[in-house]
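Worksheet for the structure shown next.
The values are calculated or read from the model by the stated rules, or taken from the named source; none is laboratory data. Keep in mind it's a predicted model, so treat the numbers as computed, not measured. Please note: Cβ atoms are built from the backbone with ideal geometry, for glycine as well, and neighbour counts cover all protein chains shown. Quick note on the areas: whole protein, heavy atoms, side chains included, nothing else; ligands and nucleic acids left out. Shrake-Rupley method; radii C 1.70, N 1.55, O 1.52, S 1.80 Å.
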Amino acid sequence: MRLRPLIVCSLVLALLPAAPALADDPTPTPTPSVSQSAEEKVEEGLAVDGGAVRAIVELTDPAQHAPVASKAAADSVEVLLQPASQPFMVVEGTAEELAALAEDPRVTSIHRDRAYPPSLASSLKLIGADQAHAAGQTGTGQNIAILDTGIDRNHPFFGDRIVAEACFSAVDPDLGAESLCPNGQVSQTGPASADAATPKCQAGGVNLCEHGTHVAGIAAGSGGVAPGAGIIAVQVFSRINDEELCGEPSCLLAFESSLRLALDHVAAMTEPIAAVNLSLGGMPSDVSCDDSEEAQVFKPKIDALLAKGVATVVAAGNEFFEGASFPACISSAVAVGANDDGDAIADFSNRGALLDLFAPGVDIESSVPDDQMAVHSGTSMATPHVAGALALLKAKFPQTPMPELIDKLKTTGRPYVYQVDGAEVRTPRLDVAAALNGTAPQPEISQSPPSAPGPGPDDPAPDPDPEPDPTGSGPTPEPTVDPTPDPTPIPLPTVTVTVTVTVTPSPTTAAKAPAVCTRGTAAKRMTAKQWAVEVHRGSGKLSDPTLTCYLRLAHKASKVFPELTKAQSLGKAYRVLKGAKTAKLRLDGALLAGWLNWAHGVNNTKTLKASEKVRLTGKPTGRALKRAATNITKSR
């Protein structure tokens, strides 16, 4: 039996006999119908290009762990995690091995263990929190669970209000994934288990784990929205030391399996919890994603928390997109976009009918490790404003069901009126004072047509009538310069799956947040050849930080990148864009160019998603691959 290293998922509990017991899964995976074939159980595109992948195996019930694990081991499938009380396990196997495992009737489905990045003064007056505090309403008696990158437990901003900690952090040597739990294992509970000041959080003098401390400070720091509320800090990220995956030497990722365990851990707690804060996110969607494979797992957990009186508040994302990132696109989550101090939608924020609320998310000052304060922007910063507001409401109205409290925030918020696809959308901006006092909302504000911050004056002027993708027209020399991205890339959106941290500004530095990685404004397409010129360092007009940002956005939106094809670094992206040797490589180049166009401001993704389905097929014909690539280059 060949041995494979563990993959990024903070859940390898099978290796931890001394690990604390996990909560029973409140939403067992439904048993599939008898007619479901093994092929139907396996996620489309899983390991189709060969090699082993990390996958979650859903079981009919937790009692099936031992027999299914034995069968997996006999078939050379490495079992990475067996959370005893949960109806799933994490394995690593090839497409053939996973297909064989799916034949077992005790297996209901198999899908990739996905990872998500984090989304990255006073905003209190704008939302009326100062009035609430003056009236003695601080959230005392309630708690807020922050599922993020841990917390600086000794920061004076939190006093003695960190009431509980836990860590679920995946490990995988193949991906360079290391646990961020202080004990070095895949799980830990108890005091200091979510400590954000551990050595693994440090990289080149920068704390990679500052995001969670910043988010917690906004929600419930001494200068936050609910300064009397308790904080439940849960570390759900892993450190990744893989430049090809991160686009830089190290980054943080939170895996689905880690998030599942964390949500169930919170659901099993007896402390009064008003909200779970998720300042992270994945693929953006312009419609409700309740029917997606990922939501089939997460929505029941969000619903179960809501039934217990706990709201799940999620960042909508920073892609300047008319929709919301996963899991904010789940209908029972509270999806939060960002506004600025001028009561305008932040130029990077997602927007549209999927959003429940806007809240301040531009230049927000809050706590960061080493007893410091820093300024960040993003929907990650907007989300804890809403989580804190719900703690204030639940403290004042403890008998009111949480859905009614959420509705109270929505009906009393100041309406933002704007257009999406020619239709009028009205989304309230958080006004916690009005919600607490039951007053009428402030007058509505019409928002100007969205205009995202473009990458700047160095934007290239794309060919107004681009030719068909000429990636196969002849050899082009590989770049001789080091393809490593610029060492100071633009920070990632505050609520997605890769945390990019900036150094805390010195006291003499103006309090201005670092730039948010968001989509550009160019509405014209470029071909794969033109994008290859851009990513070849020194030959294009777009800056390296802008291109690195675009690649991150493409990886969030796509299922092909990086799950089948890695293109996170500029050097890797160049080779994908120039890869014209086979029909599959040409389609990869066309897809990457298409997603880069989307990141650059082109809105149509329908053709891209249809072409990705072809690429994810187990054995697509050369003709199908060629047609899919042609459809991308011809689409407008």
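Packing, taken as the mean count of other beta carbons within 10 Å per residue, orders the peptides 260-267, 209-216 from highest to lowest as 209-216, 260-267. Exceedance of the 23 Å cut-off in Cα-Cα distance is limited, within the set LYS529/LYS572; LYS524/LYS619; LYS299/LYS556, to LYS524/LYS619.
When each of the peptides 270-283, 574-587 is scored by how many other beta carbons lie within 10 Å of its residues on average, the order from highest to lowest is 270-283, 574-587.
Quick check: the distance between the Cα centres of the stretch 584-636 and the stretch 142-204, to the nearest angstrom? With the stretch 584-636 and the stretch 142-204 each reduced to a Cα centre, they are spaced 39 Å. One Cα centroid belongs to the stretch 301-334, the other to the stretch 228-269; the line between them spans 17 Å. Taking the average, over residues, of other Cβ atoms within 10 Å as the packing measure, peptides 131-144, 397-410 rank 131-144, 397-410 from highest down. Seen from all directions on average, the stretch 281-430 presents a Cα convex hull projection of 9.5 nm².
A probe of 1.4 angstrom, applied to the heavy atoms of all protein chains, finds TRP598 with accessible area near 0 square angstrom. Across the cross-link table entries LYS200/LYS559; LYS581/LYS613; LYS541/LYS581; LYS308/LYS559; LYS301/LYS613, which are compared at the Cα atoms, the separations over 23 Å belong to LYS200/LYS559; LYS541/LYS581; LYS308/LYS559; LYS301/LYS613. Counting only other residues whose beta carbon sits under 9 Å from that of GLN235, what net charge do I get with K and R as +1, D and E as -1? Taking every other residue near GLN235 into account, the sum is -3.
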